[in-house]
Amino acid sequence: DEQRNRAAWFHLEDMVRFAEAEDCRKKRLLAYFGETAAQDDCGMCDNCLAPQDQFQDISIAAQKFLSCVKRTGERFGAGHIIDVLRGAETKKIFQFRHHLLSTYGIGKDLSKRQWFYLSRQFQSKGFVQREENYGGLTLTPEAWGVLKGETKVSGWQDPRHKLSQPVTEATNAESAESPAHHPDLFEQLRQKRKELADEAGVPPYAVFPDKALMEMATFFPRTDTDFLNTFGVGQTKLEKYGPAFMALIREFCTTHGISDVPERKTPAFAIKESSPKDKRHFQVGQLYHEGASITDIADRFHVKPATVINHLFRYFQEGNPIASGHVIDECTLSTDVRKKVLQAFDTHGYQLLKPVFEAMDREIPYEALHLLRIYYLYLNEIDGPSETESGTNHDPGLQEKQIICLAWSRKFSGRCLAGKEMVPEGKWIRPVSQTETGELTQCHMPDENTSPIRLMDILSIPVSAHCPHGCQQENYLIGNSSWKIHGTVPVSSLRSLSDSVQTLWINGYSSSSGKNDRIPVDMIKENVHSSLVLILPENLVIHVQEGINLLKQVRTSFDFNGVSYKLPVTDPEVELSYLKNPLGNYPLTEPEIYLTISISEPYEGFCYKLVAGLMK
C-alpha cells in the first residue's frame, strides 16, 4: 500500500546515502543503532583510508541547490528542484511559475545524475531535511552559513561522473558530431510538408517534425526501408507521405549528383531523445494567458505566428486556461465574417480545418481559422453560449459511444480502454487521449466516476474524431464531457460478443519468451482488419515467471482452434492477483473464460499480441 511503499523508498534512500557517504562507515552504522563512536576516524573503512584528493570544493553547487530549495518555497522534492536548476520544461514547473525564478536554468552545467548525487550529500551533511509524509525538502539552520558563503562545502567526487568534467543529458557514446543536413533539400521538404499540411488542415508538425526533415536532408532515404529508419516515420506515414517525399528526394539527388549517403550511427528506433520543444506549448500558453500577444511570443521564440497558434491550440485542448476575451483580440476579421466562420464550425466540426476552409470559399487564411477554432472552443466549453445563431453550449464534434468494457489494461503510465458498442453487431471502440501514445490517465476521466471502471461495465464515453493509428483502426479521440457507468453485463453475454475468428492473426512469429506472440509490421496491413478480438480459449494457464532484473512477470498460455499461444498479460487485475503467488504455473479450470487479445503499437519492426482483458 501507499504507506508501506513510501517507507520502503525512504529506507532505500537511507541505504543509498550510506553507500555514498564520505565519512566513517563505522560511525554511521553505530549511529543508526543509537550508539556513538569513540572517534570520528576508525582508520579501517574505505572512507577513512581514502586519499584526500578525492574530495573537492562543491560550495557553488551547494549554494545553487539550497537557494533553489528556498525560492521554490521549501515544499518540493529533489527531483523538482533539479528540474528547475536544469531549466526543464515540465508542466509542474510552469504550473507553479518556477520558470520565472532566478534559479531557473542555473544548473545546466551538471547532469541530472550528478545533481541527485549532490542532493544526497547535502542531505547527509545536514543542510536540508526531508519532510516525512511527502518528501519535500526544507532548509536547516546550517544551510544559511553555506548560502552566505561563510561555510565551505567539500564533497566526495562521484567516480562515474567527475564534477570537474560536467556531463549533460545529451552526452553519450553516440554523441559524435552528426553529418550536416543539406539546407536546400531541407527547405524543399519544408515546402512539401506545408503543402500537405494545408491540404489536410493540420499543423505542419503533424505531418513530420523538423527533426525528421533534417534526417531526410542528411541521409537521403529513397527506399521504403530507408524511409522507415527516419525519425518520426512509421508504417502509416510511410504509406501516406512516403511517395511524395521520396520522389522529391530522388529528384534532388539526381539533380545534384548525390549517390553516396552518410552512414547512420544509431538506428532510428533506438533514439529516445526528448526535445525541449515538446513542452513549448506550456510556455506559450502561460505567456498568452498572462497577456503576451501572439506577435510578442513569436518574436521571443523566433518562430512564426502560426506556430504560436498551434501551441495555443494544444495548450487549450489539454484543459489549460486562457484569459477571457484575450483570444479574439488577435483576430483581424470583421464581426460578420467571424460569425460565419463560427457557424461553419457548428456545421462541420472543429477537428479538421479544411471543410471550414472550403465552406468559406477558401477566402479565410488557415492562420485565422486556427485562431478562431481556439475562440470557438473557448466560447462553447469555457464561457457559455457562442456568437452563433444556435447559441448551443456544447461541442458539436462530440458524440457519445456506449460500449461494453472488454479491455482495461495498463499502457505506459496510464491505461488502455477498449470495448464493443451497445448496438447489434457492435464494432470495437478504443477511446484514446491526445497524448503521443494515446494512453488514458486519471486526468482524462472526470471526477464523476466515483466507482472504478471494471471489465464488463457498460460505459458512456464522449468521443470526437475517428483517429486510426497504424494497425489500430478502432481509435477514437475522447472528448471533455463526463463519462458514465450504467451497470454491468452478465458473463452469459460474452458468448454472443465473442468474435468469429479462426486464428489470432498471423502465426509462426515468436519472441524468445512467447509463442505466436508477435507479427511483422509489414504483414499487418493486408492481413489484419481489427487489432482487437474477444475469444474463448482452451487449456488456459497463468504463468508467473522471473523477468528482467529478477522481477516477476505474468504470462498466459492457451490453445485456440488447435494453435498454441503464449502471450504477456496487460490486464492489471490479473497481474496484481498472480504476482502475489510464487513462481509457477496456474491452470484455470472454469468452463468459460474469455480473453480480449490486442495488438500493440510497433516496436523494432514487430507488433505484439497482448492479453488485455480476462473475464470469467
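Quick notes on this one:
- Search result, residues across the range 84-105 that are open to solvent by less than 30 Å² (accessible area, probe 1.4 Å), modelled with pLDDT of 85 or more and touching a helix residue (DSSP H, G or I) at 6+ places or on another chain (Cβ under 6 Å): Val84, Leu85, Ile93, His98, Thr103
- Close contacts from the range 478-490, counting a first residue that is more than 9 Å from Ile458 (Cβ to Cβ) and free of Cβ contacts under 8 Å to residues at least 60 places away in the same chain and a second that is open to solvent by 90 Å² or more (accessible area, probe 1.4 Å) and of a type in the set (D, E, K, R), with Cβ to Cβ under 6 Å and a gap of 6+ residues or different chains, come to Ser482/Glu448.
- Residues of the range 571-600 classified as crowded, with 17+ Cβ neighbours inside 10 Å and of a type outside the set (Phe, Trp, Tyr), total: 10
- Counted residues, the range 98-150 - those being of a type outside the set (Ser, Thr, Tyr) and part of a strand (DSSP E or B): 5
- Hits in the range 456-484 (condition: assigned to a strand (DSSP E or B), among the charged types (D, E, K, R) and crowded, with 19+ Cβ neighbours inside 10 Å): Asp457
- Residue check for Ala206: in contact with a Gly (Cβ under 8 Å, 6 or more places away or on another chain), aliphatic (A, V, I, L, M), open to solvent by less than 50 Å² (accessible area, probe 1.4 Å) and without any contact (Cβ under 8 Å) to a residue 24 or more places away in the chain: no
- Of the residues making up the range 217-229, none is closer than 22 Å to Ala306 by Cα and open to solvent by less than 60 Å² (accessible area, probe 1.4 Å).
- Just so you know, in the range 497-509 the residues that are among the hydroxyl-bearing types (Ser, Thr, Tyr) and open to solvent by 50 Å² or more (accessible area, probe 1.4 Å) include one that is nearest to Gly605 (Cα to Cα), and it is Tyr509.
- Of all residues in the range 526-546, those that are farther than 14 Å from Ser500 by Cα and in contact (Cβ under 8 Å) with a residue 24 or more places away in the chain have Cβ atoms under 9 Å from Cβ atoms of residues that are in a helix (DSSP H, G or I) and open to solvent by 30 Å² or more (accessible area, probe 1.4 Å), 6 or more apart or on another chain, in Ile542/Ser577; Ile542/Tyr578; His543/Tyr578; Val544/Tyr578; Val544/Leu579.
- Count of residues meeting criterion [open to solvent by 40 Å² or more (accessible area, probe 1.4 Å), more than 17 Å from Arg120 (Cβ to Cβ) and in a helix (DSSP H, G or I)] in the range 32-51: 2
- Selection within the range 89-101 - without any contact (Cβ under 8 Å) to a residue 60 or more places away in the chain and out of contact with any Lys or Arg (no Cβ under 7 Å at 6 or more places or on another chain): Lys92, Ile93, Gln95, Phe96, His98, Leu100
- Any hit, the range 106-118, residues being touching a Gly at 6+ places or on another chain (Cβ under 6 Å) and surrounded by 21 or more Cβ atoms within 10 Å (Cβ to Cβ): no
- Residue selected from the range 538-570 under the condition more than 21 Å from Asn507 (Cβ to Cβ) and touching a strand residue (DSSP E or B) at 6+ places or on another chain (Cβ under 7 Å), by the criterion most open to solvent (accessible area, probe 1.4 Å): Glu546
- Test: residue in the range 569-590 that is under 27 Å from the mean Cα position of the chain (by Cα) and in a strand (DSSP E or B): yes
- Filter pass, Ser513 being open to solvent by 40 Å² or more (accessible area, probe 1.4 Å) and small (Gly, Ala, Ser): yes
- Complete set of residues in the range 517-537 that are over 29 Å from the mean Cα position of the chain (by Cα) and either under 17 Å from Val611 (Cα atoms) or buried (at least 20 other Cβ atoms within 10 Å of the Cβ) (or both): Ile535, Leu536, Pro537
- Residues being exposed (fewer than 12 other Cβ atoms within 10 Å of the Cβ), out of contact with any Pro (no Cβ under 9 Å at 6 or more places or on another chain) and not aliphatic (A, V, I, L, M) are entirely absent from the range 62-71.
- Those residues of the range 509-522 which are within 14 Å of Phe560 (Cβ to Cβ) and assigned to a loop (DSSP other than H, G, I, E, B), in sequence order: Asn516, Asp517
- Among the residues making up the range 52-70, those that are assigned to a helix (DSSP H, G or I) and closer than 19 Å to Gly126 by Cα are Ser59, Ile60, Ala61, Ala62, Gln63, Lys64, Phe65, Leu66, Ser67, Cys68, Val69, Lys70.
- Within the range 250-268, the presence of at least one residue that is among the aromatic types (Phe, Trp, Tyr) and at pLDDT 80 or above is confirmed.
- The lone criterion from (1) within 18 Å of Phe606 (Cβ to Cβ); (2) in contact with a strand residue (DSSP E or B) (Cβ under 9 Å, 6 or more places away or on another chain) left unmet by Lys525 is number (2).
- The residues on offer are Arg17, Arg28, and the sole one that is part of a helix (DSSP H, G or I), modelled with pLDDT under 85 and of a type outside the set (Gly, Ala, Ser) is Arg17.
- Some residue of the range 239-250 being touching a residue at least 40 places away in the same chain (Cβ under 8 Å), of a type in the set (A, V, I, L, M) and crowded, with 19+ Cβ neighbours inside 10 Å: yes
The values are calculated or read from the model by the stated rules, or taken from the named source; none is laboratory data. Quantities reported herein were computed from a predicted structural model and do not represent experimental measurements. No Cβ is skipped: glycine too gets one built from the backbone with ideal geometry, and neighbour counts run over all protein chains shown. Surface areas here come from the heavy atoms of the whole protein model, side chains and all, with no ligands, DNA or RNA. Shrake-Rupley method; radii C 1.70, N 1.55, O 1.52, S 1.80 Å.
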